[in-house]
Amino acid sequence: MVYCGKPSRGCQMCRTRRIKCDETKPTCLKCAKSRRVCPGYKDEFDLVFRNETQSTELKARKASRKASAQKTDLQDSGQSSSPSDTTSSASPDGVKSPLEQAVVPTLNLPVEQRASCFFVSNFVLLPKQGEPRGFFDYLVPLLNQAGPSSHILHAFNACSLALLYNRRGPSANLSERALNEYAKALSKTNAALRDPEEQKADSTLAAVLLLGTFENITGKQIGIEAWGSHVEGAIQLVKIRGRRQLQSDPFQIMHTFSTGRSPSMGVEWWLEDAVKNQKASECQRLCIKTGELRGEITRLMAILQRTPENIEIVLDVIRRCQTVDQEAVNWMDSLPEHWRYKTVAWENHVPNGDYSKAEVFPGRVDAYADIYIASVWNMTRTARLILHSMIVRCAAWVCAPVDYRTTPEYATAARICVEISTDIIACAPFHLGWRIKRGNAVQKAQLGSFACGEADNTTALAGYFLAERGSPAD
């Protein structure tokens, strides 16, 4: 391999035409406007390094033919040796031919190392100095201290192999290895949970959260229930540990949304001294309040009979949902400038009316300071969607048998949910790496750096945040 210097990352058609490519993925817009078929983009590794194997082989063959020709000339001129001498000089034991000497074997890293690097470069986000905004950054010191057969290492390997499997496509070998590591992690984590001292260790809580992440990465049908059990386990571990090193985690909030049960220990216990960023703390407080209301409504709908007293109870719940929704609106209005998003484009292009080939969904495209801020916005939006779905559910119970779609609560919820859904759709291109070459229209991320890989690459974490925090559990 030969290093070729800083490469042009444009598509092959623009490189051939010697024009500047806008580098839009998956196809170049300049090719689309000129009605040319965009052949796509080369792999970045191939751009930086040129494969010289064939050239080296050709040189080796020429050298071999030249050596054979010289040997033939010597034999023709009478300079010959005995058969045994000829054999030993032509191909002595342990000496490679010129072709074998010229071809350098390619570097073959174990798949576990490649998977680990891939996971760290996509999920382990190290915060900037003095900033609390990281993700899985605590894994780095824990893995450095972990033994070769520890529960956290097996859980980490399971997540890494599963993520690489998703990236490379179907591979029975990778899938089998990931499940094997997952099974080992489950066994060793269960053993750690039975140990009074080991169950309080940071590595045990981290292993449980990694097991939950594995369920999200693989996306199996049984994964929802298994993920919920891992989150339940993590909550119990936090209770056992007490407030020591407690950090409020999105797993707790999303589990509250998905199960319809209010969080144990109350909102204040989870959030006091847990979240460093005040704005994010306020958002999570609203989300946990939403989870509490959902748990209460689920319980009431299962036991209440239709009586005037019970109708008044449900109406009171509707008013409380509306109060929390207004708090969410006030939170959004109070955000500082660097927390606000900017609309940077309006896209209408749909190739031949086929939405599956559109670069982005037609409409507004928003940009944020970084994916952390965008994900906090989406947590609030998700909470508001759930609040209005609960308001409609309660209104339908109160007005039955009248059609609930005639109620003012339904009309308000329909309008607001459409607006919120539009906002979530508008932020999806930012999460998934879409960029516009318009100078400073899109701010550069201030998030920090990933523990491995290129800082400017689109990572799986952004898509993970979008799927986790931008999708209501209903």
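Here are some notes:
- Hits in the stretch 361-406 - residues which are hydrophobic (A, V, I, L, M, F, W, C) and over 30 Å from Val314 (Cβ atoms): Phe361, Val365, Ala367, Ala369, Ile371, Ile373, Ala374, Val376, Trp377
- Restricting the stretch 309-361 to residues that are at negative phi and of a type in the set (Gly, Ala, Ser), the residue that is farthest from the chain's Cα centre (by Cα) is Ser334.
The rows are residues; the columns are (1) aliphatic (A, V, I, L, M); (2) out of contact with any Ser or Thr (no Cβ under 7 Å at 6 or more places or on another chain); (3) modelled with pLDDT of 85 or more; (4) crowded, with 22+ Cβ neighbours inside 10 Å.
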| residue | (1), (2), (3), (4) |
| --- | --- |
| Lys184 | no, yes, yes, no |
| Asp195 | no, yes, yes, no |
| Ile222 | yes, yes, no, no |
| Ser229 | no, yes, no, no |
| Glu232 | no, yes, no, no |
| His255 | no, yes, no, yes |
| Thr259 | no, yes, no, no |
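- Within the stretch 197-217, being among the polar types (S, T, N, Q) and at pLDDT below 85 holds for Gln199, Asn216.
- Residues in the stretch 137-172 that are loosely packed, with under 12 Cβ neighbours inside 10 Å, in a helix (DSSP H, G or I) and free of Cβ contacts under 8 Å to residues at least 12 places away in the same chain: Pro141, Asn144, Ala172.
So that you can scan it fast, the table gives a plain yes or no per residue for (1) outside any helix (DSSP H, G or I); (2) at pLDDT 80 or above:
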residue	(1), (2)
Gly5	yes, no
Arg9	yes, no
Met13	no, yes
Thr16	no, yes
Asp22	yes, yes
Ala32	no, yes
Val37	yes, yes
Tyr41	yes, no
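- Unique match (being among the charged types (D, E, K, R), surrounded by 12 or more Cβ atoms within 10 Å (Cβ to Cβ) and either over 21 Å from Val398 (Cβ atoms) or free of Cβ contacts under 8 Å to residues at least 12 places away in the same chain (or both)) among Glu292, Glu327, Glu296: Glu327
The values are calculated or read from the model by the stated rules, or taken from the named source; none is laboratory data. What you see is a predicted model, and the numbers here were worked out from it, not measured in a lab. Glycine gets a Cβ as well: all are built from the backbone with ideal geometry, and neighbour counts include every protein chain shown.
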